[in-house]
1. Ignoring ligands and nucleic acids, what accessible area does ASP294 show with a 1.4 Å probe (Å², nearest 10)?
2. Can you classify region 43-183 as rounded, prolate or oblate using the Cα gyration tensor, where a ≥ b ≥ c are the square roots of its eigenvalues, rounded means a/c under 1.5, and otherwise it's prolate if a/b beats b/c and oblate if not?
3. If you take every DSSP beta bridge fully contained in region 118-213, what fraction is antiparallel? Give it as a percent rounded to 5.
4. So what J values fall out for region 288-300 if you push phi through Karplus, 6.51 cos²θ - 1.76 cosθ + 1.60 with θ = phi - 60°, rounded to Hz, Gly and Pro as x?
5. Apply the Karplus parameterisation 6.51 cos²θ - 1.76 cosθ + 1.60, with θ equal to phi minus 60°, to every residue of region 84-95 and state each ³J(HN,Hα) to the nearest whole Hz, in sequence, with x for glycine and proline.
6. Identify the residues of region 126-142 with backbone N under 14 Å of a label point that sits 7 angstrom from the Cα of THR158 along the Cα-to-Cβ direction, or state none.
7. Of the options THR156, THR77, CYS250, report the single residue whose Cα projects farthest towards the positive end of the charge dipole of the chain (beta-carbon charges: Lys, Arg +1; Asp, Glu -1).
8. Could you state the angle between the C-alpha long axis of helix 153-166 and the longest principal axis of the C-alpha atoms of the chain, as a value from 0 to 90 degrees rounded to the nearest 10?
Amino acid sequence: MKYRTLGRSGVQVSQLCYGTMSFGGDADEAAAAAMFKAARDLGINFFDTANNYNAGKSEEILGRLIRGSRDELVIATKVYNPMSKDVNAKGSSRRNVGLSLDACLKRLQTDRVDVLYLHMRDALTPIEETMRALEDMVRAGKVLYPALSNHSAWETQTALAAQEANGWARLQAIQPMYSLVKRQAEVEILPMAAANGVSVFPYSPAGGGLLSGKYADKGTKGRIADNKQYASRYSDAWMHDVAIEFSAFCKKRGFHPMSAAVAWVAAHPAVTAPIIGARSVEQLQASLDSLKIDMTPALWAEIAALSRTPPPATDRLEEQKK
């Protein structure tokens, strides 16, 4: 396992981040414990969760698993999504950030989180107000490093500007969606993060399982077919065509598609570590095996060519063809 710097913090995190979204849902506590051990045995020290993952069960299970090794681990969680029917129990207001974080710490059985993401952009709350909320949590010692998930490049840059203008703790990480079939982050988000020294931890590097190889047969059941959110996210026919081509490409090269999908995302220069997850140790192994693939620039380009390259931010496509 190699380790990379979290933003400009000096903290070292593993080149794979383990996402615990399945804990308490698709993976019961025994399965979660087995996957946690497999990740730790390989040297993974960065674990990601969120308050709304399985209604808080993910945090609760992770909290029990990190007993005795808390100070060896970098723990990230997220707040924003509603946790009750209360009209104010959601969003990125100072009120909700503070109350939500306290609940997170209780479930995780810790006095602080290393990284706190705002899970989504709150259109009702000014970014400056939200950044002050994160600053409050930093000053209280409950959060070490502020972060954003699912924010655009301009929103992230605005947040950084507010922090720098006020002398507040700066963002150290962002968490965008990024995979061979979801490449919009390449246009502005990844370059922005690299320019600012902000770490990038992409989620769904295998396109929610679409690139795992199991959907080559369109009749296959799984999360893409059964989950409405994922079915909508990966509904375009071209994405499924890419998945089939990618699976054939991997078969010729002797790669497991899941391993190659994770390795491809990890090889982008702006990416610090992709977030991996699974329902079982057996399923997890393919993601862990991504470390065995030598993803050279030439191989990365070959795989990229199987998909659609998003147009540049200026939309001047003709200049890309020169």
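1. 120 Å²
2. Details: a/c = 1.37, a/b = 1.29, b/c = 1.05.
Since a/c stays below 1.5, the shape of region 43-183 is classed as rounded.
3. On the way: 1 of 8 bridges.
In region 118-213, DSSP labels about 10 percent of beta bridges as antiparallel.
4. 5, 5, 4, 5, 8, 8, 8, 7, 6, x, 5, 5, 4
5. Calculated HN-Hα couplings, in order: 7, 7, 4, 4, 9, 8, 6, x, 10, 5, 4, 4 Hz.
6. The answer is 126-132, whose backbone nitrogens lie closer than 14 Å to the label point.
7. Checking the options against the dipole of the chain, the answer is CYS250.
8. 30 degrees
The values are calculated or read from the model by the stated rules, or taken from the named source; none is laboratory data. Keep in mind that what you see is a predicted model, and the values were worked out from it rather than measured. Cβ sites come from the backbone with ideal geometry, for glycine too, and all protein chains shown count toward neighbours. Ligands, DNA and RNA are stripped out before the accessible areas are found, and what is left, the full protein with its side chains, is counted by its heavy atoms. Shrake-Rupley method; radii C 1.70, N 1.55, O 1.52, S 1.80 Å.
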